[in-house]
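A quick write-up on the structure given underneath.
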Amino acid sequence: MHLAIGASFAAIYLLWGSTYLALALALQSLPPFTLMAARCLVGGGILFGAACAAGASLPPPRTCVVAAICGVLFFVGCHGVLADAQQRVHSGLAAVMLATIPLWLVLLQVVFPGSERPTWKTVAFLVPGVAGVALIASHDVSSGSSGVRASDVLLLLGAALSWAAGTLVSERHSGKYSPVALSGLELLAGGVVLLVVGAARGEFGTLNPSNVSAVSIAGWAYLTLMGTVVAFAAYIWLLKQVASTLVATYTFVNPIIAVLLGWVFLDERPSPWMLAGAALVIAAVAGLLHARSQPREGKKSWSAQPSAR
């Protein structure tokens, strides 16, 4: 059992952390929205098919609507935008910006009625996170040393906000339907919309299969099979074995893995300001998870609701 738990943590730490590197490789010769559409459709088909084979029933219409909304927020507003921005932004920086998802969740809980109200201690952990983002943006954007544009930083923060909004919707309205089947439906819905967006942007006209490199195909296959199917299965199993707040530590481990892999394999050298800002963001996320675990341990919370990364 201990070996299985360790292997599952390694999966959500390493596999999800390495998806940013895999995405960077896949983007070398594949357009962003078409790439993510293919990932969602194949991964969603595998997850939904596996759930149905295990006995999951067809969802009611209301659940399908919720899945479609979440699929757009998760995989179009977040993953599609991430893929578009990562054509121009280092994978490590993208991972750090996506690590702000828990910070956005706290802000959404403050703004929207009906949510569990965060405590003052939880809100206080927003300060270092916001400071970290501001530190990265103010120095890396203004210096131009890493080619970072302010618009791309805003896109990545918007992607994190979209994922946070999808998490909030999923928590409120997904009901008790099989989480694996629900994630499969969300992926399929997001994949269809991503295809439409890719077509509207003219990606189909520029995509020549003969020009797609083996590296890009390998990156896409890794994203789909390892990042979407294998790691998500490990994540769902872990939630049944250990506390959700412990599982949620992937949130601040993934950016560390992404920065290191980008540095080693893509020669993406982070600036000192980016490393300092990343440390503040990761510290804020770790503090948020710790603060929320104290009175609510054992309860389902947003800290364990990433759907299929």
Open item on the list: Is it the case, given these coordinates, that residue 236 is modelled with pLDDT of 85 or more, under 17 Å from the mean Cα position of the chain (by Cα) and farther than 22 Å from residue 182 by Cα?
Closed with: no
- [ ] Write out, first by first residue and then by second, each pair whose Cβ atoms fall under 7 Å of each other, whose residues are 6+ apart or on separate chains, and whose first residue, in the stretch 206-228, is touching a residue at least 24 places away in the same chain (Cβ under 8 Å) and part of a loop (DSSP other than H, G, I, E, B) while the second is open to solvent by 40 Å² or more (accessible area, probe 1.4 Å) and among the polar types (S, T, N, Q).
- [x] 213/28
- [ ] Could you tell me which numbered condition residue 151 fails, if it satisfies all but one of (1) open to solvent by less than 70 Å² (accessible area, probe 1.4 Å); (2) touching a residue at least 12 places away in the same chain (Cβ under 8 Å); (3) more than 19 Å from the chain's Cα centre (by Cα)?
- [x] (2)
- [ ] Any residue in the stretch 246-271 that's of a type in the set (Lys, Arg): show its pairings with residues that are assigned to a helix (DSSP H, G or I) and surrounded by fewer than 16 Cβ atoms within 10 Å (Cβ to Cβ) at Cβ separation under 9 Å, as long as the two are six or more apart or on different chains.
- [x] 269/263
- [ ] Scan 2, 90 and give me the residue that is open to solvent by 10 Å² or more (accessible area, probe 1.4 Å) and either in contact with a Ser or Thr (Cβ under 7 Å, 6 or more places away or on another chain) or on the phi > 0 side of the Ramachandran plot (or both).
- [x] 90
Open item on the list: Quick test for you: out of 9, 48, pick the one residue that is surrounded by 21 or more Cβ atoms within 10 Å (Cβ to Cβ) and of a type outside the set (Asp, Glu).
Closed with: 48
Task: Selection count, the stretch 155-203, where residues are open to solvent by 20 Å² or more (accessible area, probe 1.4 Å), assigned to a helix (DSSP H, G or I), out of contact with any Phe, Trp or Tyr (no Cβ under 7 Å at 6 or more places or on another chain) and modelled with pLDDT of 95 or more - done: 10
Task: Among residues of the stretch 13-28, those that are under 14 Å from the mean Cα position of the chain (by Cα) and either open to solvent by 20 Å² or more (accessible area, probe 1.4 Å) or not aromatic (Phe, Trp, Tyr) (or both), counted - done: 9
Open item on the list: Residue under question is residue 89, and the condition is that it be under 18 Å from residue 31 (Cβ atoms), within 13 Å of the chain's Cα centre (by Cα) and touching a residue at least 24 places away in the same chain (Cβ under 8 Å); does it hold?
Closed with: no
Task: Candidate set: the stretch 105-127, residues that are in a helix (DSSP H, G or I) and within 22 Å of residue 273 (Cβ to Cβ); chosen: the one most open to solvent (accessible area, probe 1.4 Å) - done: 127
TODO: Can you tell me which residue among 71, 55 is part of a helix (DSSP H, G or I) and of a type outside the set (S, T, N, Q)?
DONE: 71
Open item on the list: residue 62 - would you say it is in a helix (DSSP H, G or I), over 17 Å from residue 192 (Cα atoms) and open to solvent by 60 Å² or more (accessible area, probe 1.4 Å)?
Closed with: yes
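The values are calculated or read from the model by the stated rules, or taken from the named source; none is laboratory data. The shown structure was predicted, so the numbers you read here are calculated from the model rather than taken from an experiment. Neighbour counts are summed over all protein chains in view; Cβ atoms, including those assigned to glycine, are modelled from backbone coordinates with ideal geometry. SASA here: full protein model, heavy atoms, side chains in, ligands and nucleic acids out. Shrake-Rupley method; radii C 1.70, N 1.55, O 1.52, S 1.80 Å.
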